[in-house]
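The values are calculated or read from the model by the stated rules, or taken from the named source; none is laboratory data. Predicted model, so just to flag it, every value in this text is computed and none were measured. Every residue, glycine among them, receives a Cβ derived from its backbone with ideal geometry; neighbour counts consider all protein chains shown. Remember, those area values only see protein heavy atoms, side chains included, never the ligands or the DNA or RNA. Shrake-Rupley method; radii C 1.70, N 1.55, O 1.52, S 1.80 Å.
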Amino acid sequence: MLVDLLEKSNYIVVYTGAGMSTESGLPDFRSANTGLWEKEDPTQIASTEALNRDVEKFFQFYRERVIGVKDCKPHNGHDILAKWEKDGLIQSIITQNVDGFHSEAGSENVMELHGTLQKVHCETCKKEYGSEMYESETFYCGCGGKLRPSIVLFGEGLPEETFMKAVEESEKADLFIVLGSSLTVTPANQFPLIAKENGAKLLIVNMDPTHFDDLADVVINDQKIGEVLAEIDRHLVKK
Ligand code: APR
């Protein structure tokens, strides 16, 4: 049934959240017991206010996440999505994730709504550096400004161009596939709605239920994304 859904669609857009990277070894944010926000209040640590009020805690929190991303790598699910793009089965990926794993796995048309942990930039002069600066605990720019990860912090807007491209892709989709997101954070959670409003079918693959499940045409809970993608891939008609 899922295979039919994909094979009958002409423009498939995939939308991923942190649940796409837990099988790579990275924690998500809201899974019970293991999510990052089970231990930290995101507004107190993942915000521009934290960067200014508690900068040492901010630096250490993000240094740990930068190292986590470097210690982990894309899993089979990322590889399958990259292959499906090359085969012309899916057209693009809208991701909330900042680990860069879709690009590392070979996906090309990737919209990083929340930026990337692969880079840091100076809060003052905006100069960009690789995130290895955080690995070596270099937290300040040559100009004296603070270095911060090139991600969207709570209280900040999403990158305009990326956002508009994601709107366009969501409007063009006739199948919109959500993989591993609780769909709780706006405006990133608007894209499944935009797709649905433009006539797309909506497939949600997420361990836990989401508030959008009643909007979806198909919902798969309690299964790992990597296994669901591998199962679909096995049954696709070999091109
Ligand atoms: N397979 C399927 N689903 C999974 C898996 C898995 N292997 N691992 C986790 N999940 C599901 C969880 O059930 C959870 O509902 O992925 C979802 C991840 O939800 P969140 O942790 O809320 O992550 P996300 O939706 O990406 O968060 C959005 O919040 O803090 C901000 O900027 C941060 O981009 C992030 C945004």
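Lysine pair count for the range 118-239 with Cα-Cα distance under 14 Å and sequence separation of 8 or more or different chains is 6. Backbone geometry of the range 137-145 corresponds, through the Karplus equation with coefficients 6.51, -1.76 and 1.60 at θ = phi - 60°, to 3J(HN,Hα) couplings of 6, 9, 10, 10, 7, x, 7, x, x Hz, x marking Gly and Pro.
Highest average first, the peptides 179-190, 222-233 ordered by how many other beta carbon atoms sit within 10 Å of their residues are 179-190, 222-233.
Comparing HIS75, HIS211, HIS121 in a Gaussian network model of the chain, where Cα atoms under 10 Å apart are tied by springs, the biggest mean-square fluctuation is seen for HIS211.
In order along the range 32-39, the phi-based Karplus estimate (6.51 cos²θ - 1.76 cosθ + 1.60, θ = phi - 60°) of 3J(HN,Hα) comes to 4, 6, 9, x, 4, 7, 7, 10 Hz; Gly and Pro are listed as x. Rolling a 1.4 Å probe over the protein heavy atoms of the range 139-206, with every protein chain left in place, gives an accessible area that is 53 percent carbon and sulfur. Peptides 32-44, 102-114 ranked from most to least packed, by the mean per-residue count of other Cβ atoms within 10 Å: 102-114, 32-44. Accessible surface of the range 58-132, 1.4 Å probe: 46 percent of it comes from carbon and sulfur atoms. Annotation: extensible slack from LYS86 through GLU108 equals 7.0 nm (criterion: 0.36 nm per residue apart, minus Cα-Cα distance). Per residue, the accessible area of the chain comes to 47 Å² when a 1.4 Å probe rolls over the protein heavy atoms. With a cap of 15 neighbouring Cβ atoms within 10 Å, and only residues DSSP puts in a loop, list the GluC sites (Glu not before Pro) found in the range 152-181. Listed in order of number, the matching sites are GLU156. Annotation for the range 54-149: trypsin sites (Lys or Arg not before Pro) lying in DSSP loop with at most 14 further Cβ atoms inside 10 Å of their Cβ are LYS126, LYS127. Under a 5 Å amide H cut-off, with hydrogens placed 1.01 Å from N, SER92 pairs with VAL14 among residues at least 5 apart or on other chains.
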